[in-house]
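Engineer: Can you read through this structure? Questions will come right after.
The values are calculated or read from the model by the stated rules, or taken from the named source; none is laboratory data. Worth saying up front: this structure is predicted, and the values here are computed from it rather than measured. Surface accessibility is based on the protein's heavy atoms, side chains included, excluding ligands, DNA and RNA. Shrake-Rupley method; radii C 1.70, N 1.55, O 1.52, S 1.80 Å.
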Amino acid sequence: MQPDQCVYRHRRLLLAILLLVLGSTPAVSQTRWHLTSTGGIGWDVTKGDLHHDEIEMSGQRVSVTLGYTLAADRTLSLHYNLAFPALRNKPNLTGDTLHYTFAGDTPIILIDGKPIADDGPVTHIGIRGLVTIDSNLDNAGTVTLRRIIFPSVTRPAVFENDLIINHSSSSISVDLEGGAKTVLTPAALGVYGAYRIESRLDEAGARTLKPGEEMHFSRVFTASRVDTPLPPLDPISEETARRNLVTKLFARLQLQTPDPALNTAFAFAKLRTAESIYQTRGGLMHSPGGGSYYAAIWANDESEYSSPFFPFLGYRLGDDAMINAFHMFSRYMNPAYRPIPSSIISEGISTWSGAGDRGDMAMLAYGAGRFALAYGDRNAAERLWPLITWSLEYCRRHLSPQGVVISDSDELEGRVPSGKTNLNTSSLYYDALRSAVFLGRSLGKPQAQLDVYSRQADALSHAINTFFAATIDGFNTYRYSEHDENLRGWIATPLTMDLFAREAGTLQALFSPALWGSDGVVTVSGNPVFWDRQTLYALRGAFAANDTGEALTHLQFYTRRRLLGNHVPYSVETGPDAVGIEHAYQRQLAGESALYCRIYTEGLFGIRPTGLNSFTLAPHLPSGWETMSLRNIGAFGQIFDIQVMRSPHGLRVLITQDGKTLSYLTSNGAPAQIALRAGLAPTHAQEPR
């Protein structure tokens, strides 16, 4: 036995002992922030509370990652890390978005002729689609500064709208100096020539404020092509537009549960995934963001993660961006069944396939099928059908002798070994076959073709549950790939596809100390590295498997850490980093926020599209909750509500559409088939498992 094998087996023994001693209940998540009465989060800053964080906010032509650092004396440093997706640099690869950071060049505020060092101590920070920062400009707190920071909804601009208020009993003079900067980039470096990057200060100059009076001014950060200057911008109108967008998205697909933190996190996640849509020369493109990934689409982030969610939100821009993404991928279908690229980049004119076939065709078939069903538009579904069937045939042609799908890697792109066959790709292919049967039936496709897909799905289900079946560290679960002997976070994937043959051991493993860490599910047991997408799959799968108690406990822990902890308020890509800062480089990617929302739509409420106007509903009302609701659901081309209530005879489900309400009794986890626009008649599919 090699020394590393000894260490590995010793670690597995320790993990087994920890499991027996500690059980699976997560620790209490530490919080820095609190919920506010307006549906946001707030932090009351105290002296000595050193902290650094950053938040990404996006508009159709800009994204800003706002970094804020609080010193022990509560003074503030701001960093505006700007990205302009449609302004491209050469050689125009994935990361060649125009970027610029403004830091340390803030305007100087003078009160009665004296400069205010670092704009005074911060008292409060609030987040609700915009970032609000309150500071005192004097020791007595009689002169205050409020900053409101946000991106434009449609322009390549970021705004800091500021307000100084004189609360004192005497007049003061206020003067502003500096804060303007212009940078011209070399024409030879830009795809569209030279770019002008600017920060300017509106309403600069001196004013006298009487007691109770206030003074408004704005900092504006922009970028444009030198040959195409921007039209005038109105910071107040831009703030109104951003607030209206936040209000609009918060009102759609409203989650109502007895836990305000879950409701707020859900609302925030809707905003994060919906705001990350960019106007490009290739049309609307939903992109992950994170400071690196703009004006580009991925088979996992856009198709697998985001597209099944957007129809439920009923947000036209999101649906259009998903349709455009599938159209772009469809251009690469070919009669030889060479793989479609993993990513289409640079506003749609180039591609990236650096990790080979990551199971991308399974991702595309899975996402396109679920999107087409939930979107509910026959014409759109017909246009997506060729991509779905082509991708399914590609997967069929890459089946191993054991009946599972062969791929070069998985969506972690070789960061962690995935063998020749991995659990994710085959699970996605299985669900895609099921969706194809549902969609084909709605479109009137030949029954013989659908029967083939049904038989292939049945065979693949059997192959998954035999080829990947394994007992690892005492858990009766799955191995992730053909030679993997480690517990892996991705063992949750089959649960999200209604593959429950090994659910008990899989759930025990996911919520054991072997896989559940301080940030959720780790990628490999014994290693602290995590990818939030695996935790989000695990939580969704746990609800789907009707393990509602464990699912809720761990969802609440995870939600409070992401929404109210030290790096807020969204799900992140991966961590921990290697430089000692707890949340450094934990980028707030848009697809992860879509996956967070799907914990509720597909997990907690158990919605599974089965036709262009029908779905299976299998609610999982947690113990201790009397009711839960999803309001203003936009799927299937309709607007409807779902309310689940506890009753003496089980669960009472109310579905309201066009002023008419269907009411029926069910039990926790029992699926019923619901048809919209057809009398809302439920058909109970089976008893709960």
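Engineer: How much area per residue is accessible in the chain when the probe is 1.4 Å and only protein heavy atoms are counted (Å²)?
Structural biologist: Heavy-atom SASA per residue in the chain reads 36 Å².
Engineer: Are there any helices in the chain, counted as whole DSSP H runs, that stretch 27 Å or more along their axis by Cα and score at least -0.5 on average by Kyte-Doolittle, and if so which?
Structural biologist: Qualifying helices, which must be both long enough and hydrophobic enough, are 3-22, 423-443, 447-467.
Engineer: Looking at the square roots a ≥ b ≥ c of the eigenvalues of the Cα gyration tensor of the stretch 474-621, which shape do they give, rounded for a/c under 1.5, prolate if a/b is larger than b/c, or oblate?
Structural biologist: oblate
Engineer: Sticking with this structure for a sec: Based on the alpha-carbon gyration tensor of the stretch 24-119 and its eigenvalue square roots a ≥ b ≥ c, which shape applies: rounded if a/c is under 1.5, prolate if not and a/b is larger than b/c, or oblate?
Structural biologist: Note, shape of the stretch 24-119 comes out oblate.
Engineer: With a ≥ b ≥ c the root eigenvalues of the C-alpha gyration tensor of the stretch 236-284, is it rounded (a/c under 1.5), prolate (a/b larger than b/c) or oblate?
Structural biologist: In terms of gyration-tensor shape, oblate.
Engineer: Further question: In the stretch 268-389, carbon and sulfur make up what percent of the accessible area (probe 1.4 Å)?
Structural biologist: About 49 percent, which is the carbon plus sulfur part of the accessible surface.
Engineer: Using θ = phi - 60° and the Karplus relation 6.51 cos²θ - 1.76 cosθ + 1.60, list the HN-Hα couplings for the stretch 346-356 in order, rounded to whole Hz, with x at every Gly or Pro.
Structural biologist: Listing the rounded values in order: 6, 6, x, 9, 9, 9, 9, 9, x, 10, x Hz.
Engineer: Okay, moving on. Taking every pair of Cα atoms in the chain, average 1/r, invert it to obtain the Kirkwood radius, and report Rg/Rh to two decimals.
Structural biologist: Checking Rg against Rh, the ratio lands at 0.99.
Engineer: For the stretch 533-674, which whole-number percentage of the solvent-accessible area (1.4 Å probe, protein heavy atoms only) is attributable to carbon and sulfur atoms?
Structural biologist: 51
Engineer: Next question. Quickly estimate the mean residue ellipticity at 222 nm for the chain, helices only: each DSSP H run with n ≥ 4 gives -39500 (n - 2.57), and the total goes over all residues, rounded to 500.
Structural biologist: Rounded to the nearest 500, it is -9500 deg cm²/dmol.
Engineer: Let me ask another. Using a 1.4 Å probe on the protein chains only, how many percent of the accessible area of the stretch 406-508 belongs to carbon and sulfur?
Structural biologist: Carbon plus sulfur share of accessible area: 50 percent.
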